[in-house]
Amino acid sequence: GRTMNKKYDMQLVKKLKEKEVMSEYRGVPLLVKNLPDCNEKGAMDPRLYHDMKKRLKVMAWIPSKFMKMDISEKNIEKFRKMFNSKKSIPCVETDIYIEHQEVTAMDGYQIPVRIYKKKKEEKNKPILYYIHGGGFFGGTPDVVEESVKMLVEKTGICVISPAYRLAPENPYPTGHTDCFSVLEWIYQNAASFGGDKNQVFVAGDSAGGNLAQYCTTCDREKRYFIVKGQLLLYPTLNMAGVEDEYFKPGMEQFEMAPGQKRGLTKMIGMFKGMTGGLKPILGTSDVKNDYLNPYTRDAKDNPPTFLAVGEHDFLKIETLGYGVKLHRAGVEVKMVLYKGFGHAFFDNTGVYPQCEDCIDEMGAFILAHCK
């Protein structure tokens, strides 16, 4: 069952789908993806645990006060290295045609973009505009390249991926406005690369999810209505940590297997501290605004929204809380929870079956909302 290079057997992807259950979160439907080959409650995925074991054992015994993520300027390069490393394995067997373009930003800067499609001569394909994550200061289109190629392989849509400018060298709102400029360009130039301007979806992971929601927010504010749907993977939505009835952070909201609890608690807590430390990096003291903190914005004018997050992700509480808000505001929402995973699983194509399953879910969501 193992195809070219994948580290897992395709049986595991099949098992994931067989073992999924429809549950609910605060009265809103939630699709829960159980581990394909492990039934222990709150356990990490066995493959992820195998890869993280050494790090978790070390983390378990480091006092919390030393676990603060110091993302000051002097450490930026260190984190960039970490965020920019490719974790995927080349496993897409179809030849994907990649076109390089440049989009003019508001200040004249040329934003490099990549267009992925199955064949050079395509016409009227649905478009997914995919924005990579990396805390607004790291990440590159390379990190998610294999993942978007697999999405193109499985669905035949075309994907656009931008290399937007990063903080702190380019303070907020540069990266955000870059991403929106690319959305406008996609709409105006869709025909030139074989896309359908009436079938545009935006997506992003982590900070990229914040940027994707920003694109949707501006699209709605300008009354363009370009965006037909959005797909946010463990998005950064509540940077200011505003508490309300759907967002009350606390470790009691995370189910952890007893033997892994110490390490998991440190891992979840470490990343939690990180989102809080983004203000100086972004170069703004106002993170409570509607653009950086969409969690606190009125949710009602959003398009159909797909949300996916790992059970042990520090962003789980705000992701699912946002899903509840969207649902209550009358927005169609699909929420998917991956058991046994923390942050950033989408970068791991060919490594973990959950990443491929998430790509299947995204493809199905896009195709279902095309017409």
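The values are calculated or read from the model by the stated rules, or taken from the named source; none is laboratory data. Computed from a predicted model, the values in this text were never measured in an experiment. Every residue, glycine as well, gets a Cβ built from its backbone with ideal geometry; the counts of neighbours run over all protein chains shown. Areas reflect the complete protein model, heavy atoms only, side chains present, ligands, DNA and RNA absent. Shrake-Rupley method; radii C 1.70, N 1.55, O 1.52, S 1.80 Å.
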Which of the residues belonging to segment 177-197 are over 20 Å from Glu121 (Cβ atoms) and either over 20 Å from the mean Cα position of the chain (by Cα) or open to solvent by 10 Å² or more (accessible area, probe 1.4 Å) (or both)?
-> Thr177, Phe180, Ser181, Glu184, Trp185, Tyr187, Gln188
Only one residue in Val103, Val58 is in contact (Cβ under 8 Å) with a residue 40 or more places away in the chain and of a type in the set (Val, Ile, Thr), so which one is that?
-> Val103
So, first residue more than 12 Å from Ala203 (Cβ to Cβ) and β-branched (Val, Ile, Thr) in segment 297-317, second residue part of a loop (DSSP other than H, G, I, E, B) and open to solvent by 10 Å² or more (accessible area, probe 1.4 Å), Cβ within less than 8 Å, six or more apart or across chains; the pairs are Ile317/Lys248; Ile317/Pro249
Please verify whether segment 221-241 includes one or more residues that are among the charged types (D, E, K, R), modelled with pLDDT of 95 or more and open to solvent by less than 40 Å² (accessible area, probe 1.4 Å).
-> no
Hand me the list of strands (runs of 3 or more DSSP E) wholly inside segment 83-133 holding 2 or more residues that are open to solvent by 80 Å² or more (accessible area, probe 1.4 Å).
-> 97-104
Go through (1) out of contact with any helix residue (DSSP H, G or I) (no Cβ under 6 Å at 6 or more places or on another chain); (2) hydroxyl-bearing (Ser, Thr, Tyr); (3) closer than 30 Å to Glu93 by Cβ and name the single condition Thr174 misses.
-> (3)
Can you find a residue in segment 2-10 that is aromatic (Phe, Trp, Tyr), within 23 Å of the chain's Cα centre (by Cα) and within 30 Å of Ala329 (Cα to Cα)?
-> no
Of all residues in segment 3-23 being charged (D, E, K, R) and closer than 14 Å to Thr349 by Cα, the one that is least open to solvent (accessible area, probe 1.4 Å) = Lys6
Has segment 49-65 got at least one residue that is out of contact with any Ser or Thr (no Cβ under 6 Å at 6 or more places or on another chain), outside any helix (DSSP H, G or I) and among the β-branched types (Val, Ile, Thr)?
-> yes
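Hey, among Ser161, Ser147, which residue is farther than 17 Å from Gln188 by Cα, small (Gly, Ala, Ser) and not in a loop (DSSP other than H, G, I, E, B)?
Ser147
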Would you mind telling me which numbered condition in (1) at pLDDT 95 or above; (2) touching an Asp or Glu at 6+ places or on another chain (Cβ under 9 Å); (3) polar (S, T, N, Q) Asn84 fails?
-> (1)
Could you list, in sequence order, all residues of segment 339-351 that are on the phi < 0 side of the Ramachandran plot and either open to solvent by 10 Å² or more (accessible area, probe 1.4 Å) or under 13 Å from the mean Cα position of the chain (by Cα) (or both)?
-> Lys339, Gly342, His343, Phe345, Phe346, Asp347, Asn348, Val351
Regarding Thr174, is this residue crowded, with 20+ Cβ neighbours inside 10 Å, of a type outside the set (Asp, Glu) and more than 21 Å from Gly363 (Cβ to Cβ)?
-> yes
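Among the residues of segment 67-79, is there at least one that is part of a strand (DSSP E or B), free of Cβ contacts under 8 Å to residues at least 60 places away in the same chain and either open to solvent by 40 Å² or more (accessible area, probe 1.4 Å) or under 21 Å from Pro162 (Cβ atoms) (or both)?
Checked against the condition, which is being part of a strand (DSSP E or B), free of Cβ contacts under 8 Å to residues at least 60 places away in the same chain and either open to solvent by 40 Å² or more (accessible area, probe 1.4 Å) or under 21 Å from Pro162 (Cβ atoms) (or both), segment 67-79 yields no hits at all.
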Out of all the residues in segment 24-36, which are surrounded by fewer than 19 Cβ atoms within 10 Å (Cβ to Cβ) and either without any contact (Cβ under 8 Å) to a residue 40 or more places away in the chain or among the basic types (Lys, Arg) (or both)?
-> Glu24, Arg26
Could you say whether any residue in segment 134-147 is closer than 25 Å to Lys371 by Cβ, among the β-branched types (Val, Ile, Thr), modelled with pLDDT of 95 or more and open to solvent by less than 30 Å² (accessible area, probe 1.4 Å)?
-> no
